[in-house]
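Structure, as structure tokens:
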């Protein structure tokens, strides 16, 4: 009986020590500079978001938080950097929905996305927007579908490459509406917009933040947004579902991750503090100006959403055959 009591006491003591250590880790984190790795160039929506997050976390923590742009391979370079970094909270990753898409899009990844990373939370999201040249007579999604299905209505749509969000969103649009169109991939978004405005290509779906200047200038006509809700910046613009594309909903989301093995206490602290900064009026205003909507959920909720997104886009990749070697 004494032996059992002794073992129970030791087990309780060990649990208490581990709990205390976890609490101490959360209280002292971060004890050194933190980097937020992103896979996209400076000036884009991911960069804008990451720098807002880095600035505010740095203020909260009294510690240096920097953004490191590791561009290339559809964001996979940044993912690999984060996945292979020490699991001490000194490296965080902010990525787009591309991190879920890339699981099935690329045949050979040098990391296991679901095993090598810990989802922290969904930070923000933005609508995609269905765009046409303002010179085109088409005024609605229904008119676009009718034109595409007419004998003389062969359309070309532009994207920033195979497996990009624009490619996926258009593939989903085409399959849902039964429309056929020619895919024209571009190496950069600037040339895509130049050709779309001139009418060299006739349609494109791109993220809202980058499209705002062209919509506001009147050079492009926005027919609808891709998400389940209208965009706050354009409350009169319908969603694709409202415009008659039954069941359509697709968002570009931005999530925070940490290397696998990062303590639950650190993950919880990062989650709590990002939630805190997203609630600030100043941050809400800055995000709205960039066409971004703040999100916020628990690590458990985001993990489930992340897995669902991997499955959703794997089906689109398989159906369209857009896999990359």
Next on the checklist: Cβ neighbours within 10 Å, averaged per peptide: list 102-109, 148-155 in order, most packed at the top.
Outcome noted: 102-109, 148-155
Checklist entry - Helix 45-61 sits at what angle to the longest principal axis of the chain, using alpha carbons and giving 0 to 90 degrees rounded to 10? => result 30
Checklist entry - Percent relative contact order of the stretch 191-323, based on C-alpha pairs within less than 8 angstrom and at least six residues apart? => result 16
Next on the checklist: Over the Cα atoms of the stretch 127-225, each weighted equally, I'd like the Debye log10 I(q)/I(0) at q = 0.14, 0.16, 0.17, 0.19 Å⁻¹, rounded to two decimals.
Outcome noted: -0.44, -0.58, -0.66, -0.85
Next on the checklist: Treating only the Cα positions of the chain as identical point scatterers, give the base-10 log of I(q)/I(0) from the Debye formula at each q in 0.07, 0.11, 0.12 Å⁻¹.
Outcome noted: -0.32, -0.72, -0.83
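Sort 157-168, 111-122, 306-317, 35-46 by packing, meaning the average of other beta carbons within 10 Å per residue, with the highest value first.
Details: 157-168: 23.1, 111-122: 18.7, 306-317: 16.8, 35-46: 20.2.
Ranked from most to least packed, the peptides come out as 157-168, 35-46, 111-122, 306-317.
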Item to check | Degrees, to the nearest 10: 189-198 long Cα axis against longest axis of the chain | outcome: 20
Item to check | For the stretch 208-259 and the stretch 101-162, distance of Cα centres in Å | outcome: 11
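Read the figures in this text as sums done on the coordinates, not as results from a lab. All figures in this text were calculated on a predicted structure; none of them were measured in a lab. Neighbour counts are summed over all protein chains in view; Cβ atoms, including those assigned to glycine, are modelled from backbone coordinates with ideal geometry.
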